[in-house]
Amino acid sequence: MVTLGLASGKKSFKTVNLVFRLPYYTQWGQSLLVCGSEPVLGLWNVKKGILLSPFHQGEELIWSGRIEVPCGFQCEYSYYLVDDNRNILRWEAGNKRKFVLPEGIQDGTMVELHDLWQTGADTLFFRSAFKKVIFKESWCLDSEKPLGAFQTNREDSVMVHFKISCPRIEKDASQVYVIGSSTKLGMWKVEDGLKLNYAGESFWQADCVMKKDEFPIKYRYCQSGKTGNVSVEVGSNRELSVDSTLQSPPRYICLSDGIFRDMPWRGAGVAIPMFSVRSEDGLGVGEFLDLKLLVDWAVGSGFHLVQLLPVNDTSVHMMWWDSYPYSSLSVFALHPLYLRVQALSENIPEDIKREILKAKEQLDGKDVDYETTMSTKLSISKRIFYLEKDSILNSSSFQKFFSENEDWLKPYAAFCFLRDFFETSDFSQWGRFSHYSKEKLEKIVSKDSVHYDIICFHYYIQFHLHLQLSEAAAYAREKRVILKGDLPIGVDRNSVDTWVYPNLFRMNTSTGAPPDYFDKNGQNWGFPTYNWEEMSKDNYGWWRARLSQMAKYFTAYRIDHILGFFRIWELPEPAITGLVGKFRPSIPLSQEELEREGIWDFDRLSRPYIQQEILQDKFGSSWSAIALTFLNEYQKNCYEFKEDCNTEKKIASKLKSCAERAIWLENEDKIQRGLFDLLQNIVLIRDPEDARKFYPRFNLEDTSSFKNLDDHSKNVLKRLYHDYYFHRQETLWRQNSLKTLPVLLNSSDMLACGEDLGLIPSCVHPVMQELGLIGLRIQRMPSEPGLVFGIPSQYSYMTVCAPSCHDCSTMRAWWEEDEERRYQFFRTVVGSSDVPPDQCVPDIAYFILQQHVEAPSMWAIFPFQDLLTLKEEYTTRPAREETINDPTNPKHYWRYRIHVTLEHLLEDKDIKLTIRNLVHGSGRSCPPLEGDDIQGKNNEAAVNLKK
């Protein structure tokens, strides 16, 4: 037992024996400890925390520890899973626990704290998406009077403190009770049960004096509504026993019973990029204020969530390349593309109003005209700015916005000014401004500068974007609809963030993804990788600020490529494709390790393997001309790339320079692909920072370099390849994720979902489950081996399920373009031997969507295009035009717009009713309707869908 140190050696005040108890199953070499805010609990130093001891109680393994504390003691504390050296292996999710010792407890009394381990899933309903949006009314209850002092000193009695969290309590629920096998708990009758008091923050509690001879007791919690309905928690009975054989049995037991066990809550949502929205007021593109219409449509359709793609400024190139929403110019600034210019002022002159109307008509095209829309909006905004800049910039609302955001707003405005002045975002071309400093920044944004109005214009635009998105976000919360944002994994190489914080990025590298469902050559996104070691020095302050900014508008977010927080696919900066990369961090193959296995010829394995017969086979009669231009023959019939074309970017550049004069370059793309294949024809990648370390090339068995090796080398390299990609990194990647992901989750109270598609390490899903991160399941891209299509009915609860996403073809496009898989789906999933229809007709769409809403997944989130497939009226546009992104094309133009306005869809009661009945009929929660006459039509699904 741990005792408090007393200088005199005598007890000068009363003490209480405080016992911690937690059921938890551990593995060999693991232990539990409790650490907290008081010296006796280690002052949050886990090395000094209280190590708990295990014992079995029935089939449960209980961890317990006892300390001696003074009367009046209070603390915060948490439990930790540690190894034999007290290194943290896992910690509880959620807020720290709080405990206050009741008054009136006698000296020497034993007090037991019966706790349950808090998982990430347990904390989900405390996130703002639920707390401030869906269940906001239950969190607005008035706290009742606090509990009194310790109420019994009888030797035959125990005071039990019941405490339960009910974040999902219904609006009309009048009370929470404990019912059970004891007379004090009503003998299972609700009307005679123990009534709990509301203690705030969704917690309900009550004290009850119980006789020792009543133990063990069985009990459950229940909610009783004002209308008399009773909701009893699901699952087996809870049980509490007291060990009467103890010399000093507990006199006070504090039960922290976690969360009220409801049926799992399930909801549905719609996903659409901001730029894809079409409204009658929009100027060529979706705008933040359109979200209010979208929210109204979502409510009418039974959706609790609207999901967007990233909305940060991407204006790097000042052309249509900037339509790529994942290449941020600034992770803090919002995109001017989504500004509603009509809302900039209440006093817009008539000539500007006419200009806006004309532009609206001209830009109302099938797709987004990114460049014209951007230039038009900025031009009109600038005219309005010069009319009202003084009144706006001197207003209290602007001054408040500026003071709260100047840390990122000033560098952003300065960057935009320098980008336009030098006509490039490549800040290495900015002369003395290439290297950022606060002193240079203050000169650029100085009120005395001749260009101060230009700086202020960027402030002005961001201020109005903030106002408009804030208005839409507040409207969504009012309607109990979650607004879900998107957190890109990277930033543009030429961005405000890399300019201001170059130490946080590895600028000589590029991020991407290894070959997968989307691209057999991998993906190269072009972003620099992160310098995690440097970021950790201020506890990831850049990430924390980024999430805090995002939480001003969103109550949930999608973590793009969450695998990047475990490990990232890192490529050399001169790469164009994503094939020849390595994972960072990872444990490489050392030269010593390879030599022990009998591998010696490292130059042969790590340099492109190019022989004359390979050239002839790849390029035919043009091989000698190509070899003469790009290669040197270093020994007979063996070639290597010349210095000026020994990277993918150098090859592409040289091809362009000789394209006009070389007859054999009629098919430039084919020759470039062939040269890239030669460059990638290696088995091992030598580490550029340590020549004695190597990484096996992805799919190395596909290379002719590997195929021409001896059998011993092949067998060794295949074994080492499998170990590198599937075994040796797992502990390292788990540890890496547990350094970074908790920082993200604790930086805001948003609900977090992770995009976990691709090559998934085995450590990923356990970590996501542990941290309460919700994964993604796309039926056409199953993560389970051996499956062609995912089975929605078998998805786990902690997932978002969807028939498609922005990175693949829509449900309708896939159905119509992939005949072989369409037949396979019809036979194996639909269970029909008939010939499937060529078109994804509403009946097929309904079947697929119904599969998803009925899945166990917490969320079913549908791309807007897939929902429109429910009605033939909305399927007139060619399906291929509805695909948002082509991941195989790094210069894809992101410009898709829905072909019908939100105003029209709001008037279409048929499709709203069909969708709402799908959602409601699956048992998923629907937001309340306000007087909409479709509310009572519960049995009219699929009405008039083919009209």
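The values are calculated or read from the model by the stated rules, or taken from the named source; none is laboratory data. Just so it is clear, the model here is predicted, and its values are computed rather than measured. All Cβ positions, glycine included, derive from the backbone under ideal geometry; neighbour counts span all protein chains shown.
Can you confirm whether F417 is in contact (Cβ under 8 Å) with a residue 40 or more places away in the chain and closer than 29 Å to N494 by Cβ?
Answer is yes for this residue.
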Kindly check whether there is at least one residue in the stretch 244-256 that is surrounded by 13 or more Cβ atoms within 10 Å (Cβ to Cβ) and under 34 Å from the mean Cα position of the chain (by Cα).
yes
Inside the stretch 763-786, can you point out the residues that are polar (S, T, N, Q) and surrounded by fewer than 19 Cβ atoms within 10 Å (Cβ to Cβ)?
Q769, S783
Is it true that some residue in the stretch 410-427 is part of a helix (DSSP H, G or I), at pLDDT 95 or above and hydroxyl-bearing (S, T, Y)?
yes
Exactly one of V277, V285 is surrounded by 23 or more Cβ atoms within 10 Å (Cβ to Cβ) and out of contact with any Phe, Trp or Tyr (no Cβ under 6 Å at 6 or more places or on another chain), and that one is V277
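Report yes if L51 is surrounded by fewer than 16 Cβ atoms within 10 Å (Cβ to Cβ) and aliphatic (A, V, I, L, M), otherwise no.
Yes: the conditions hold for L51.
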Between a first residue in the stretch 597-609 that is within 17 Å of Y639 (Cβ to Cβ) and a second residue that is small (G, A, S), which pairs have beta carbons less than 7 Å apart while being 6 or more apart in sequence or on different chains?
Y609/S704; Y609/S705
Wholly inside the stretch 828-933, helices (runs of 4 or more DSSP H) that include 2 or more residues that are more than 20 Å from D807 (Cβ to Cβ) and without any contact (Cβ under 8 Å) to a residue 60 or more places away in the chain are 842-853, 902-907, 909-921
Pairs with Cβ under 7 Å, 6+ apart, first in the stretch 721-737 and within 18 Å of N531 (Cβ to Cβ), second β-branched (V, I, T) and not in a helix (DSSP H, G or I)
L732/I587
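Looking only at the stretch 106-134, filter to residues that are within 21 Å of M263 (Cβ to Cβ) and of a type in the set (A, V, I, L, M); which one of those is farthest from the chain's Cα centre (by Cα)? Please lay out each step first, then the result.
To start, the set of residues in the stretch 106-134 that are within 21 Å of M263 (Cβ to Cβ) comprises 116, 118-127, 129-131, 133-134.
Going one step further and asking which of them are of a type in the set (A, V, I, L, M), we end up with 116, 121, 124, 129, 133-134.
Numbers: L116: 27, A121: 15, L124: 14, A129: 14, V133: 19, I134: 19 Å.
Taking the candidates together, the pick is L116.
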Read through the list (1) within 25 Å of C416 (Cβ to Cβ); (2) buried (at least 21 other Cβ atoms within 10 Å of the Cβ), then give the number of the only condition that I568 fails.
(1)
Would you call D756 touching a Gly at 6+ places or on another chain (Cβ under 8 Å), touching a residue at least 24 places away in the same chain (Cβ under 8 Å) and among the acidic types (D, E)?
yes
Kindly provide the set of residues from the stretch 610-659 that are in contact (Cβ under 8 Å) with a residue 24 or more places away in the chain and small (G, A, S), ordered by number.
S622, A625, A652
Could you tell me which numbered condition C416 fails, if it satisfies all but one of (1) among the hydrophobic types (A, V, I, L, M, F, W, C); (2) closer than 30 Å to W542 by Cα; (3) in contact with an Asp or Glu (Cβ under 8 Å, 6 or more places away or on another chain)?
(3)
When you go through (1) at pLDDT 95 or above; (2) more than 18 Å from L255 (Cα to Cα); (3) in contact with a Lys or Arg (Cβ under 7 Å, 6 or more places away or on another chain) one by one for R86, which number turns out not to apply?
(1)
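Of all residues in the stretch 69-105, which are part of a loop (DSSP other than H, G, I, E, B) and under 27 Å from the mean Cα position of the chain (by Cα)? Break it down into steps so the answer makes sense when it comes.
Start the filter on the stretch 69-105 by keeping residues that are part of a loop (DSSP other than H, G, I, E, B), which leaves 71-73, 83-87, 92-96, 101-105.
Selection gives E92, A93, G94, N95, K96.
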From the list V270, V277, which one is closer than 20 Å to L776 by Cβ, among the aliphatic types (A, V, I, L, M) and touching a residue at least 12 places away in the same chain (Cβ under 8 Å)?
V270
The residue from S345, S395 that alone is within 22 Å of L467 (Cα to Cα), surrounded by 12 or more Cβ atoms within 10 Å (Cβ to Cβ) and in contact with an Asp or Glu (Cβ under 6 Å, 6 or more places away or on another chain) is S345
Looking at F706, F698, F694, which is the one that is part of a loop (DSSP other than H, G, I, E, B), surrounded by 17 or more Cβ atoms within 10 Å (Cβ to Cβ) and in contact with a helix residue (DSSP H, G or I) (Cβ under 9 Å, 6 or more places away or on another chain)?
F698
Taking N347 and the conditions (1) over 24 Å from the mean Cα position of the chain (by Cα); (2) polar (S, T, N, Q); (3) at pLDDT 95 or above, which numbered condition does it fall short on, given that it satisfies the others?
(3)
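Are any residues in the stretch 669-691 part of a helix (DSSP H, G or I) and in contact with a Lys or Arg (Cβ under 8 Å, 6 or more places away or on another chain), and if so, which ones? Let's see the steps before the verdict.
Here is the first cut: in the stretch 669-691, the residues part of a helix (DSSP H, G or I) are 669-679.
Across the stretch 669-691, the qualifying residues are G674, D677, L678.
Being among the basic types (K, R) and part of a loop (DSSP other than H, G, I, E, B) is the filter; apply it to the stretch 632-650 and report the residue that is surrounded by the fewest Cβ atoms within 10 Å (Cβ to Cβ). Quick ask: steps written out before the conclusion?
First, pick out the residues of the stretch 632-650 that are among the basic types (K, R): 636, 642, 649-650.
From the residues that got through so far, the ones that are part of a loop (DSSP other than H, G, I, E, B) too are 636, 642.
Details: K636: 7, K642: 13.
Taking the candidates together, the pick is K636.
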